[in-house]
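Participant: I have a structure I would like to understand better, so I am pasting it below and will then ask my questions one at a time.
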Amino acid sequence: MFPFEIAPGTTIEQLLNDVLPKAHAKLVSATEVGSFKVAVKVTPGPTYLLSIDKNRLSVREESAKTGIWVHLDEKAVVFFLDDMATTKRFLPKFVPEGGFTMLTDPKVLKRVSLVNGKIEIKLVDSPIGTISLFVAAGAKAKEGLFADDPDATLEVHMPTVENILSGKVGPEAALSDGSVGIKGRRLVAMQFALAIAPYFKPPPI
C-alpha cells in the first residue's frame, strides 16, 4: 500500500540522498508550485539541508537557518528505518482521500510554513523507549535549530499512533479528543495538526 519501499539495511545517508529524492520526484507533480528549504538535524550527526523546488529535491550537509526544521535522535531514525523495511508498524495502513502526499510536497510545506512555533512530539512507549521529534516553523524556526524550550509538547502513546496510521482518527481529532496529551500552547499544536490534516484524511466509507 505504501507508495515506495525501504530496503533492509538502508542507512540515513541513503534515505536522504537517494530514497527521499526519488520518492519526492515520483509523488509530487511537476506542476506543483513552490520552493522551500528544510533543515534536518540528526543527533549526534550532521545537519542536512533539503532544497525543494516543485518535484525536485536535493540534499547536502549544511547548517543553515530555515523557515522549517526537524530534529530527532539518530537512534530513532535507525529504528524507524528498520520498521519501514520489516514490520511496517509505523507506516500508514490506508490510502488517504486524494492519494498519498509527501510531507516534502510544496503544498504541504506551504501550509506548515504559515505556523509560527516549535513543538515536541513525544512517543512515550515505543519499543525502544521514549522518542522525541522536534519540529519548528516560521519565525521560531529562524531563531535557530535548538531542540529545547518547545512551545508545546505532545505526549503520544502507541495505540493513538496506530489509530492515526489506520485512518481511524485524524491528527487534529487526536488532539481535540484528548488522545494526545498537550503541555504548553495548545494553539501551536493545533496549527501544526491542521497544516497536515488534509493529507491524512481517510477516504469516504
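Participant: Under the condition of being touching a residue at least 40 places away in the same chain (Cβ under 8 Å) and more than 19 Å from Lys118 (Cβ to Cβ), which residue from region 163-197 is surrounded by the fewest Cβ atoms within 10 Å (Cβ to Cβ)?
Facilitator: Only one residue fits best here, namely Ser166.
Participant: If you don't mind, another one. Would you please name the residue that is nearest to the chain's Cα centre (by Cα), looking only at residues in region 83-105 that are buried (at least 20 other Cβ atoms within 10 Å of the Cβ) and not acidic (Asp, Glu)?
Facilitator: Residue satisfying both the conditions and the ranking: Met102.
Participant: Does region 87-94 include one or more residues that are in a helix (DSSP H, G or I) and closer than 24 Å to Ile119 by Cβ?
Facilitator: Scanning region 87-94 turns up no residue that is in a helix (DSSP H, G or I) and closer than 24 Å to Ile119 by Cβ.
Participant: Any idea how many residues of region 31-42 are farther than 15 Å from Thr11 by Cβ and at pLDDT 95 or above?
Facilitator: Summing the residues that are farther than 15 Å from Thr11 by Cβ and at pLDDT 95 or above in region 31-42 gives 6.
Matching residues to (1) outside any loop (DSSP other than H, G, I, E, B); (2) under 24 Å from Leu20 (Cα atoms):
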{"site": "Gly99", "(1), (2)": "no, yes"}
{"site": "Arg111", "(1), (2)": "yes, yes"}
{"site": "Asp149", "(1), (2)": "no, no"}
{"site": "Gly167", "(1), (2)": "no, yes"}
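Participant: Something else: Does Asp73 satisfy the condition of being within 23 Å of Asp151 (Cα to Cα) and among the charged types (D, E, K, R)?
Facilitator: Working: within 23 Å of Asp151 (Cα to Cα): yes; among the charged types (D, E, K, R): yes.
So Asp73 passes the test.
Participant: Output the residues belonging to region 169-193 that are out of contact with any strand residue (DSSP E or B) (no Cβ under 7 Å at 6 or more places or on another chain) and in a loop (DSSP other than H, G, I, E, B).
Facilitator: Val169, Gly170, Asp177, Gly178, Ser179
The values are calculated or read from the model by the stated rules, or taken from the named source; none is laboratory data. The shown structure was predicted, so the numbers you read here are calculated from the model rather than taken from an experiment. Methodologically, a virtual Cβ is constructed for each residue, glycine included, from the backbone with ideal geometry; neighbour enumeration extends over all protein chains shown.
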